[in-house]
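The values are calculated or read from the model by the stated rules, or taken from the named source; none is laboratory data. Since we're looking at a predicted model, the values are computed, not measured. Cβ placement follows ideal geometry from the backbone for every residue including glycine, while neighbour counts extend to all protein chains displayed. Accessible surface is based on the protein model in full, side chains and every heavy atom, while ligands, DNA and RNA are left aside. Shrake-Rupley method; radii C 1.70, N 1.55, O 1.52, S 1.80 Å.
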Amino acid sequence: MNKNEIRTQIVEVARKYAVDKLASTFEKNELKSYHILSANLLKFMPDISASDHKNIYQNLLKLKILENIPEYFKTFDLNNFFANLSPDKFSKDLPTIYISYHLGAFRTAILPMVKNNINIVIVIDSSIYPMEDLEKSLGAHFSLAKEIFPTSTTNLKILASNNKNTIIELMDRINKNYSILTYIDWSSGFENNNTSSNVVVNFFNEKISVRQSLAYLSFYSKCPIVPLISYYSEDYEPNWVLFDSINPSNFLNVQEYTQYTMQQLFMNLEGMILKHYSQWQGWFHIHKLVLPQKTVITHVGDFTPNIPYKLNDYSGLFIIQDSYFVINKLTYKIVKLTKELYDILFSGNRLNESTVDLKVLKQLYNNGIIVGY
């Protein structure tokens, strides 16, 4: 059996697992993550039909499974893999700050580091997933890379971005000729009082607020930033796009550099998402970067107490550990429900003041959760 056949079999196993996981998630209505993904797609890519959100969710479940099977990456054609990662571009100026994103086979960014004997610090956001789990996953990928390139001299250090000492340790590692790899598309940034302020950038049809710590670090350490993004081909081989490096020496002041750099990094991401939107794990997190806005009105007119109401088409019900909720996917507003009210909404029955307390009914209406018949 050749590598392509093995890869096809692994992808099929991951697909079946994702199908079963999706069915279980919907059966139990444990759908908070799904509704968040759907809300973000509605906000950033409204041209995608809401009927496609479920397929995108399932595909991301499949890719998440593949990400945690490092052996899967043994089935790749390494010549193709490194086609766009030649040393003269990838590791021309060391140390370097490599910026990537949670798209495609993003964990395979370790491979060119190990191949080119680059000592690397990987900075990860541990506010979303436990540090122990992330270290285990990254360690497995690093071990695999060392197995593929057994003569490599690369050393690996993993740091949490949400640690007040991280910036200091990164400067120390840079002085020891370590490069940095991090993923910025849902990072909460570095906890450092001098560099943790945000900068506003354009992203699709929205403005988002992002940490500029990495750009500060690049400017003051004189390390260039090299953006790179992965995506899967139709036969599930990873490809990497290496963008032009961003050199702080070309800028006179840090404010100009950070604004340009962060905008460029998210412009690179936007362009790739347009082509590979079903491969971006950031759909689960990007709403955390959106600037606060006025509540979107999803109904017309004032609340009328004596008419029947129904669940808005843009509302989603979900359960978390025997607690019941509904989200307005146009505003991200989440309201906790009683089980009785959840059951009424879930069944599709009409609401009125004879079945629901008037104050509750008005709250749901004002939050765009329900609309009149």
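Taking only protein heavy atoms and a 1.4 Å probe, the accessible area of region 309-372 is 47% carbon and sulfur.
The accessible surface of region 76-289, taken with every protein chain in place and a 1.4 Å probe, is 46 percent carbon and sulfur.
Rounded to the nearest 10 degrees, the inclination of helix 254-276 to the longest alpha-carbon principal axis of the chain is 70 degrees. Pairs of Cα atoms nearer than 8 Å and 6+ residues apart set the relative contact order; for the chain it is 19 percent. A 1.4 Å probe run over the protein chains yields, for the chain, 48 Å² of accessible area per residue, whole-number rounding.
Placing unit charges on the Cβ atoms of the charged side chains and taking the dipole of the chain about its Cα centre, the candidate lying farthest along the positive direction among Ile180, Ile118, Val360 is Val360. To the nearest ten degrees, helix 3-28 and the longest principal axis of the Cα atoms of the chain are 30 degrees apart. Which of (1) 22.6; (2) 20.3; (3) 24.3 is the computed Kirkwood radius over Cα pairs in Å for the structure on display? Answer label, from the structure shown: (1). The chymotrypsin sites (Phe, Trp or Tyr not before Pro) of region 252-338 that DSSP puts in a loop, and whose beta carbon has at most 16 other beta carbons within 10 Å, are Phe303.
In this structure, the residue pairs whose Cα-Cα separation is over 22 Å, taken from Lys28/Lys359; Lys21/Lys157; Lys89/Lys222; Lys32/Lys64; Lys32/Lys333, are Lys28/Lys359; Lys21/Lys157.
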